[in-house]
1. At q = 0.18, 0.21 Å⁻¹, what is the base-10 log of I(q)/I(0) for the stretch 644-773 according to the Debye formula with one equal point scatterer per Cα and no solvent? Please give it to two decimals.
2. Toward the positive end of the charge dipole of the chain, about the Cα centre and with charges on Cβ (Lys, Arg +1; Asp, Glu -1), which of Leu334, Thr830, Phe478 goes farthest?
3. Suppose only helical runs count, i.e. DSSP H with n ≥ 4. What mean residue ellipticity at 222 nm does that imply for the chain under -39500 (n - 2.57) per run, divided by all residues and rounded to the nearest 500 deg cm²/dmol?
4. What's the carbon and sulfur percent of the chain's accessible surface, probe 1.4 angstrom, rounded to a whole number?
5. In Å³ and rounded to a whole number, note down the convex hull volume per residue for the Cα atoms of the chain.
6. Say R0 is 41 Å: what FRET efficiency, to the nearest 0.05, do Phe720 and Thr313 get from their beta-carbon distance?
7. Subtract the Cα-Cα distance of Thr831 and Arg270 from 0.36 nm times their separation in residues, and report this length gain in nm to one decimal.
8. Rounded if a/c is under 1.5, else prolate if a/b is larger than b/c, else oblate: which is the stretch 769-827, with a ≥ b ≥ c the root eigenvalues of its Cα gyration tensor?
Amino acid sequence: MLYRLLSIVQRQRTSPGWQTWSSARSSTSAAEAHSIALPAQAQVVICGGGIMGTSVAYHLSKMGWQDIVLLEQGRLAAGSTRFCAGILSTARHSSIEQKMANYSNKLYHQLEQETGIQTGYLRTGSISLAQTQDRLISLKRINSRLNVVGIPSEIISPKKVAELHPLLNVHDLVGAMHVPEDAVVSSADVALALASAASQNGVQIYDRTSVLHVLIKKGQVTGVETDKGQIECQYFVNCAGQWAYELGLSNEEPVSIPLHACEHFYLLTRPWDTPLQSNTPTIVDADGRIYIRNWQGGILSGGFEKNPKPIFTEGKNQLEIQNLREDWDHFEPLLSSLLRRMPGLETLEILKLVNCPETFTPDMKCIIGESPVVQGYFVLAGMNSAGLSLGGGAGKFLAEWMVYGYPSENVWELDLQRFGALQSSRTFLRHRVMEVMPLIYDLKVPRWDFQTGRQLRTSPLYDRLDAQGARWMEKHGFERPKYFVPPNKDLLALEQSKTFYKPDWFDIVESEVKCCKEAVCVIDMSSFTKFEITSTGDEALESLQYLFCNDLDVPVGHIVHTGMLNEYGGYENDCSIARLTKRSFFMISPTDQQVHCWAWLNKYLPKDSNLLLEDVTWKYTALNLIGPRAVDVLSELSYAPMTPDHFPTLFCKEMSVGYANGIRVMSMTHTGEPGFMLYIPIEYALHVYNEVMSVGQKYGIRNAGYYALRSLRIEKFFAFWGQDLNTLTTPLECGGESRVKLEKGIDFIGRDALLQQKQTGVYKRLAMFILDDHDTDLDLWPWWGEPIYRNGKYAGKTTSSAYSYTLERHVCLGYVHNFSEDSGEEQVVTTDFINRGEYEIDIAGHRFQAKAKLYPVTSFFTHKRRKDDVELSDFHGK
C-alpha cells in the first residue's frame, strides 16, 4: 500500500518484531481487551502509548524501575505519533532542545539493533535554507552552538545546496546550514521499538484502556481510575498528547496543562520517474514556511502557515486520531512555496493531503515536569510538532526526574511550573496557539514578545503608564514596561524593528539609565512574586532557616539576600526576604517563580496550623525608585530622614508616603544603584505614584522600564535566577558564598552538598565578560547562549547580556568550564584558571575578544570614563 504512514498500524501486526512482542506481552485486540484484568497496583502508571509515553517507560525501565504500567486508550502509536512526518532535526534555537534532539538521534540510531524492530532510521542530513541575511544570521548562531556540543554542521553556499539537492531552486538563497547527521525515521516504529524494549524490561502495556481520572489524596497521587478498574500507584505520567489538557482537568484536584491542538497539513506524492535517493537531505525552508523530505522516492512536504486552524477547543476529539478533512484552499500558500522551491513537482502526482492535529503550548516549548499541586503527577506533552526530535531526550530527562529527583540538565524553560492556571483558559490557548504555530518558522530575534493573550495581569498603574508612552513586555502573564517612548519620538513598526543589530530603542534606554544614575527614575515592578510567611510562635523562623541557605535570624527590619537550594546545592529560587516582625517574613522572588516557589514551599514547610504561607503578589504594587535623588523624593513625601545613617542599606520599614499608610519601604533596588523599593497596598498605588511623580519633578524624575534595569544589573554583575542561576548552579559557582551560612552550624537543604563542593572545588564559575573589539553600531549584538572560548578552546556559554551605557561596551555573563584536552572531562575551575585565560565570545560565527572578571568586581561606575581607560578591580558587596 503506497500510503505507508496511514497504514503503519496494520503493518505493525504483521512485522516479526511486533508478533514476537505481541505473543509475549500482548497488545490486545478489542475483543480481548475487556477480558484482561489490569494489575491492582503499580509504582508508576503512564497514560499514552505514543513516542512520549513509550520513551518514558523505556528510560524508567533502563534505570531499574520495573513495576510500571503503560495504558493506551486506542492502539499503540495511533495518536499524533502515527502521523508524524518522521524528520529528526537537531538544529534548534534552545540549548536544552538541542541536547534532547541529539540524544534522540543517537537513541533511535541504535534502537533497531537493540530491539530487532525496523525503525526506518536513515541518516540523510538536513539543509536549512536562508532567503535573507537575517535568516542566515540566525542559522549562523545555531551553527556555532551545534559545533561546540559536537554536532557536525556548517554554513554552506547556494551552489553547495544545489549540489546536495539538485532538484531545488536556489536562485533566491543567500546561504544555508547543513547538518549531515540529522535523520528521518518512522515515528510509529520508533514508539513500537521503545515499547518492545520496555516490555522486555518488565513494563506491562495495555492498549484500548482509557484513564478516566487520577486518584489523589492529600495532594499526592494514589492511583488511577480506568474504564477497566482502578490501579493503585505512587506516580502518574500524563503523556496523553492532545488529550493531556482534558485529562489534567478531570481530577478532583485539577492539574493545569496548557496546550491546544491545531490542524497540521502535509502532502505525499508518488515517486519521481527517477526516484529520489533514500539519503536525499531533508530541506527546511523557514522563509517559505515549508519542510521537504524524501518519501518512498517521492516527497513528503508540509509547513507552518501564517493562519493556522485551531481544533478541539470545546474538548471534542477522537479516541484515535484519524486523517481530518482535506483543505486545499488552506494549504495553497504552502503548496505555492513548495512549487517555487521545487519547480519539477508540477509534473508529479499527489497522493494525499494529510491533515492531522498537533499540539502547541503558549510559549512554543514543550511541557515536562511535576505538577505544582499534586505530588507524583508528572507530565510530558505539548511538543509543538517536534515530538520525534525531542521524544528520546525528553523521556530520559523525565525518567531521571522521577528516579533521582532531578534531571541531569537544566530544564526550567520546559518545566510545567513555568505556567500557572492563568494560562489554561481555552480562549487564551486558542488565540495563543494561532500565533505560536507560525512562529515555529518565523525569525527568532532578541527581545520579541507574544502579541496574543496580552493585558491579562496588569498593575493598577497600567493605563497611566501606557498613556505616558510605555512599551510593554509580558512575563508570566504580567504586563511590564520595557521602556518609555518620549513624545514625538517615532519607533519602527513591530515587524521592521526585528533585528540582531543595534535596536531602535537604544537611545531611549540610554536616557533612562542616565537618569537612574544622575537623578531618579521610577520602575513599576509589581509583577514580582511576593509571599508572606507567619507563625504564632517560632515555627516560621525555624522552618525558613532549614529552607533557605542564608541566615534569617536577623533583627526585625533587616533584609537578607538568599535562596532555596535543592539537595545538590543548586538554586531552586533566588530571593530577598525582609523580617517584618519576630514571627513574620516577607519574601520577594522573580515573576516567573510564583508557581515554582509556592510548590517548593508547600512541599517542605511543615503542615502546622500555627504556620501560614500566603501569596500576596496581588496585594502590593511595587515601585522601584532608583537614583541618587530617590532619598530626596521619599524624605519630602514621608517627612522622615532617609539618609543611610537613618535608613541603612538592606533595611525595611513600614512608613507613610503622602497620605497612604502601611507602605513597606526597602533600601534596595535590585541594580546596585542607590534607591528604594516601595511595596504599596494596591488601593494606594495610584495615589503614591502620583505623589512620587509630582514631588520628583524638581529632582528630574522620569519613568523607566526593565531594559534599563537589565543594563544596570548586568553591568554590576547581578545574576538573576532563570537566566544566570538555575537548579544545577550552586552559590559557590556564582560568587554567592557570602549568602550561605555554612560556618554557623545551622542545617539547611543543600548544606552537605556545598560542604563537599567547598572541599573538592567547583567545575564551573560564573564570570563577567566585557567585549573589547565590538562595534555597537555595526556588529551583531550578543544575546544569550553565545559560545565562550578560552585560549582558543570552547569553555562555556553566556547566560545573559546587555549593553553597559556606563562602560560603553557590551557586558555578558556566563559560566567558564575547564575541559581536559585529553579526555574532555571537566576539571576544577580556580580563580587562577579564570584570570590566566584569554577570552573570546562567538556571535554567529564571529569571535570578539573579551576581558573576564569574577564576582565580585569593583563598582567602577562612579565617574564615567572613556572606555579605553576603563580598568576593572575587585570590590565586596552586592
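1. -1.12, -1.28
2. Result: Leu334.
3. Details: 22 runs with 232 residues, N = 878.
Here the helix-only value at 222 nm equals -8000 deg cm²/dmol.
4. In the chain, the share of accessible area belonging to carbon and sulfur is 48 percent.
5. Numbers: hull volume 148.5 nm³, N = 878.
Output value, Cα hull per residue: 169 Å³.
6. Efficiency computed from Cβ-Cβ geometry: 0.70.
7. Working: separation 561, 0.36 × 561 = 201.96 nm, distance 6.29 nm.
Value of the extension gain: 195.7 nm.
8. Numbers: a/c = 2.90, a/b = 2.44, b/c = 1.19.
Cα axes put the stretch 769-827 in the prolate bin.
The values are calculated or read from the model by the stated rules, or taken from the named source; none is laboratory data. Quick caveat, the model's predicted, so the values are computed rather than measured. Methodologically, a virtual Cβ is constructed for each residue, glycine included, from the backbone with ideal geometry; neighbour enumeration extends over all protein chains shown. Heads up: the accessible areas ignore ligands, DNA and RNA and are worked out on the full protein's heavy atoms, side chains in. Shrake-Rupley method; radii C 1.70, N 1.55, O 1.52, S 1.80 Å.
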